[in-house]
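Here the structure comes first, spelled out in structure tokens, and everything after it is commentary.
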Amino acid sequence: MSTLHQKIIQRIKKDGPITFKSFMEMALYEPELGYYTSQNTKIGRAGDFYTSSHLHPVFGMMIGKQIEEMWDIMGKPSDFKIVEMGAGAGYVCKDMLAYYKGGKGSRGQGVEGEKNIFNHIQYIIVELNPVVRESQKNLLADFSDRVRWVSSLSELNGIKGCILSNELLDAFPVHLIEMEDEVKEVFVGADGEALKEIKEKPGTSGISDYLKEFSIELPKRYRTEINLDIKKWLNEANNALAEGFILTIDYGYPAWDYYSEDKDRGTLLCYHKHQVVEYPYQHVGEQDITAHVNFSSVKKWGEELGIKTIGFCQQGTFLMSLGIDEAIAEIHKNSPDYLFEVARIKRLILPGTMGETHKVMIQYKGNGEPRLRGFSIKNQMKNL
């Protein structure tokens, strides 16, 4: 039994059952003990999961290409800021800055000459975990004059640029609900030293408000998640951003699909040593816990703040629109590893891979409604 497991048991015995959201928050973010805050956090092959940036450096290059277009649309400001939340190992940052810098890329890929944007940007990483931060600093040592770190988005304001996240929103703690004769919220109680679920009336009116807001009607025994922290995050992003874009990459669905009949057990999953685990009450603090994103909520709550949604599509479509196939051919032309590299990027773009499961949404705070190359093949914004 982990130290964090014991701490949760002690809290329950003292104060009574806690919401699943509170449990998930402790499991992931309890200082020094949570999955994302402990010294043992590892991402990639050595950890419990990997992201698109681990598959190939061309991913960071393509995101960089889209952000370069944003900079151009905004009139090429001299103080353009890229803010990445939940940067993980730091590969997106390194591969993007290497693309902008030109020459030999961060992981050996050949790229074009230096881009004009390189001398006009500052890259800011929002990172809570001091161990992860130090690891990122080591990886990004070649760009130490371009990168700085903060612990919270609330530390920033007046930004002109882009707030970027890749698999961030899925790690926000969620309320877990199940329909019985009425909607019940899942609480976590204790049975000796074991954790157990208890279903009670919702602990916040935000749950019923959310169900009404997105016209969600659940049949009996339907279990699912509600992510209210997305609204809080959007408020923080809005306060930090004076003008610019919010680029969100994550796995998820529009509300009509998220809460469809065939998803009656929800989307909550755990990852432990690259294995999918459906039971969240084991390996507490030592496994990732995620839930898919309701992108309709990101759109609606953003628009309520005056942030316009200008694009939404699958990751594969987005990357193809940006010319990932041309980029990989250019990077590895005359290389004996060409076919191997093509096989790697297929996992970024093809159906049945991250290319299909992951979605890209871009929102804009400013005048007009910019058109971006990333949505030139398909823009599914109306599906939201």
Name the residues in region 259-298 that are under 30 Å from residue 382 (Cβ atoms), out of contact with any Pro (no Cβ under 9 Å at 6 or more places or on another chain) and hydroxyl-bearing (Ser, Thr, Tyr), would you?
-> 259, 260, 267, 290, 297
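Out of region 264-302, which residues are β-branched (Val, Ile, Thr), touching a Cys at 6+ places or on another chain (Cβ under 6 Å) and touching a residue at least 12 places away in the same chain (Cβ under 8 Å)?
289
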Residue in region 280-313 that is nearest to the chain's Cα centre (by Cα), counting only those that are charged (D, E, K, R) and farther than 30 Å from residue 6 by Cβ = 299
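Please state which one of 37, 41 is within 30 Å of residue 200 (Cβ to Cβ), among the polar types (S, T, N, Q) and either modelled with pLDDT of 95 or more or buried (at least 18 other Cβ atoms within 10 Å of the Cβ) (or both).
Checking each option against the conditions leaves just 37.
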Do the conditions hold for residue 165, that is, is it over 16 Å from the mean Cα position of the chain (by Cα), over 28 Å from residue 3 (Cβ atoms) and in contact (Cβ under 8 Å) with a residue 12 or more places away in the chain?
-> no
Out of 303, 286, which single residue is under 20 Å from residue 173 (Cβ atoms), charged (D, E, K, R) and either in a loop (DSSP other than H, G, I, E, B) or at pLDDT 90 or above (or both)?
-> 286
Exactly one of 58, 83 is buried (at least 18 other Cβ atoms within 10 Å of the Cβ), of a type in the set (A, V, I, L, M) and modelled with pLDDT of 95 or more, and that one is 83
Failed item, numbered, when residue 300 is tested on (1) over 22 Å from residue 224 (Cβ atoms); (2) surrounded by fewer than 21 Cβ atoms within 10 Å (Cβ to Cβ) = (1)
In region 168-205, what count of residues is obtained for those that are touching a helix residue (DSSP H, G or I) at 6+ places or on another chain (Cβ under 8 Å), assigned to a strand (DSSP E or B) and more than 21 Å from residue 34 (Cα to Cα)?
-> 3
Quick one: how many residues across region 271-292 are closer than 14 Å to residue 195 by Cα and surrounded by 15 or more Cβ atoms within 10 Å (Cβ to Cβ)?
-> 6
Residues (under 21 Å from residue 75 (Cβ atoms) and surrounded by 13 or more Cβ atoms within 10 Å (Cβ to Cβ)) located in region 115-145 | 115, 117, 118, 120, 121, 122, 123, 124
Would you tally the residues in region 168-195 being in contact (Cβ under 8 Å) with a residue 40 or more places away in the chain, out of contact with any Asp or Glu (no Cβ under 7 Å at 6 or more places or on another chain) and not aliphatic (A, V, I, L, M)?
-> 4
So, in region 139-162, of the ones that are of a type in the set (S, T, N, Q) and over 21 Å from residue 101 (Cα atoms), which residue ends up farthest from the chain's Cα centre (by Cα)?
-> 157
Count - residues of region 203-242 that are in contact (Cβ under 8 Å) with a residue 12 or more places away in the chain, farther than 19 Å from residue 171 by Cα and acidic (Asp, Glu) | 1
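The values are calculated or read from the model by the stated rules, or taken from the named source; none is laboratory data. From a predicted model like this one, the values you see are computed outputs, not experimental measurements. Because the Cβ atoms are built from the backbone with ideal geometry, glycine has one as well, and the counts that use them run over all protein chains shown.
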